[in-house]
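Trainee: Dropping the structure in here first, questions after.
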Amino acid sequence: MAAPVLALLDPAGGEPVLADAATPVLRADDLGVLRGESVFETIRVAGGRPAFLDAHLRRLARSAQRLDIELPGGWDTLAATAVDAYDDADGVLRLLCSKGPADTGPVGFALVTPVPAVTVQGREQGVRAITLTLGIPAGLRATSPWLLGGVKSTSYAVNMASLRHAADEGAEDAIWLSTDGEVLESPTSTVAWVSGGRLVTPPAGEVSILPGTTMDVALGLCDALGTPYEVRRGTTEELLAAQEVLLLSSVRGVAPVVQLDGRPLGIGPVTAALRDAFEAALVA
Ligand code: PLP
């Protein structure tokens, strides 16, 4: 297994510097540490390249804007430096920009680590999921920007607690529902389902969920595969009655949900075709 690689961004615009992966990077008074004011991206490294890097960098910039972080430049060089130094063609690249201490400003780094075996297992064998309420109506965050819907910040404690709760219930993942009965997203994935032969996924802007880069690629692949799809809001009842349910995220790719709230689901044909097409697109 390849050793982790850490590369440090020079906010002043100089070349990135490689450092021992155990090097402390953030100060105790960093606003990212103290208040969760950091933005990040998690990117699959496949065939020795960060996959769909441009889409991730665009989203990183949007997240930084929402947190009022003045994002320094140089992220593509930083990503390339880290991935080139990593001793495997496959991995997980994390880019993180913290708001930093008040007297220095933002701090950025790239970290490359191996793909966890459990992630590959989820893609190949499927995951068990349970539905959980997020405690808000579906449209609330779109009209309340301070709730930071659709922002990839490191304030992920609720996301991680949701996954722990799912684990306590014997599942590997969770699907968040709104209080008015709509499907939102998962703590680290976009949700889609197959209803009447069509792939359906909620519109990120309207229900203020994270616009998934994997979902975006998957919709393009649906066109190529001749799979009809709809980007529209969907109800809990529809999700629970779906023929197939899928979780999509950068590192896991397209993962079938093989059990939802205790109901067994097979790995259906739409999911299997999309999963294979996505894996092929990563190295195309
Ligand atoms: N939704 C949330 C809350 C996420 O954290 C993630 C990824 O980590 C996604 C969706 C999927 O996004 P992507 O496909 O860009 O990895």
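The values are calculated or read from the model by the stated rules, or taken from the named source; none is laboratory data. Quantities reported herein were computed from a predicted structural model and do not represent experimental measurements. Neighbour counts run over all protein chains shown; Cβ positions are idealised from the backbone, glycine included. Remember, those area values only see protein heavy atoms, side chains included, never the ligands or the DNA or RNA. Shrake-Rupley method; radii C 1.70, N 1.55, O 1.52, S 1.80 Å.
Trainee: Of all residues in segment 154-168, which are open to solvent by 80 Å² or more (accessible area, probe 1.4 Å) and within 13 Å of the ligand (Cβ to nearest atom)?
Mentor: Val158
Trainee: OK, next. Check Leu111, Leu134, Leu147 and return the single one that is within 30 Å of Pro264 (Cα to Cα), open to solvent by 20 Å² or more (accessible area, probe 1.4 Å), within 16 Å of the ligand (Cβ to nearest atom) and not acidic (Asp, Glu).
Mentor: Numbers: Leu111 fails: within 30 Å of Pro264 (Cα to Cα); Leu147 fails: within 30 Å of Pro264 (Cα to Cα).
That would be Leu134, the only listed residue that is within 30 Å of Pro264 (Cα to Cα), open to solvent by 20 Å² or more (accessible area, probe 1.4 Å), within 16 Å of the ligand (Cβ to nearest atom) and not acidic (Asp, Glu).
Trainee: Moving to a separate point now. Take the residues in segment 238-255 that are under 18 Å from Leu132 (Cα atoms) and touching a residue at least 60 places away in the same chain (Cβ under 8 Å); name whichever of them is nearest to the ligand (Cβ to nearest atom). Don't jump to the end; show me each part of the working.
Mentor: From segment 238-255, those under 18 Å from Leu132 (Cα atoms) are 238-242, 245-248; that's our starting set.
Checking which are touching a residue at least 60 places away in the same chain (Cβ under 8 Å) leaves us with 239-240, 245, 247.
On the way: Leu239: 16, Leu240: 20, Val245: 15, Leu247: 9 Å.
Among residues in segment 238-255 that are under 18 Å from Leu132 (Cα atoms) and touching a residue at least 60 places away in the same chain (Cβ under 8 Å), the one nearest to the ligand (Cβ to nearest atom) is Leu247.
Trainee: If you check Ala82, Ala22, which single one turns out to be more than 25 Å from Ala281 (Cβ to Cβ) and either within 20 Å of the chain's Cα centre (by Cα) or in the same structural domain as Val107 (by TED's automatic domain parsing) (or both)? Step through it out loud before you land on a result.
Mentor: On the way: Ala82 fails: more than 25 Å from Ala281 (Cβ to Cβ).
Result of the check over Ala82, Ala22: Ala22.
Trainee: Look at Val257 and say whether it is touching a helix residue (DSSP H, G or I) at 6+ places or on another chain (Cβ under 8 Å), of a type in the set (A, V, I, L, M) and at negative phi. Quick ask: steps written out before the conclusion?
Mentor: Numbers: touching a helix residue (DSSP H, G or I) at 6+ places or on another chain (Cβ under 8 Å): no; of a type in the set (A, V, I, L, M): yes; at negative phi: yes.
The answer is no for Val257.
Trainee: Here's a follow-up. If I filter segment 170-190 down to residues being under 17 Å from Arg252 (Cβ atoms) and more than 9 Å from the ligand (Cβ to nearest atom), which single residue comes out as most open to solvent (accessible area, probe 1.4 Å)?
Mentor: By that ranking, first place goes to Glu172.
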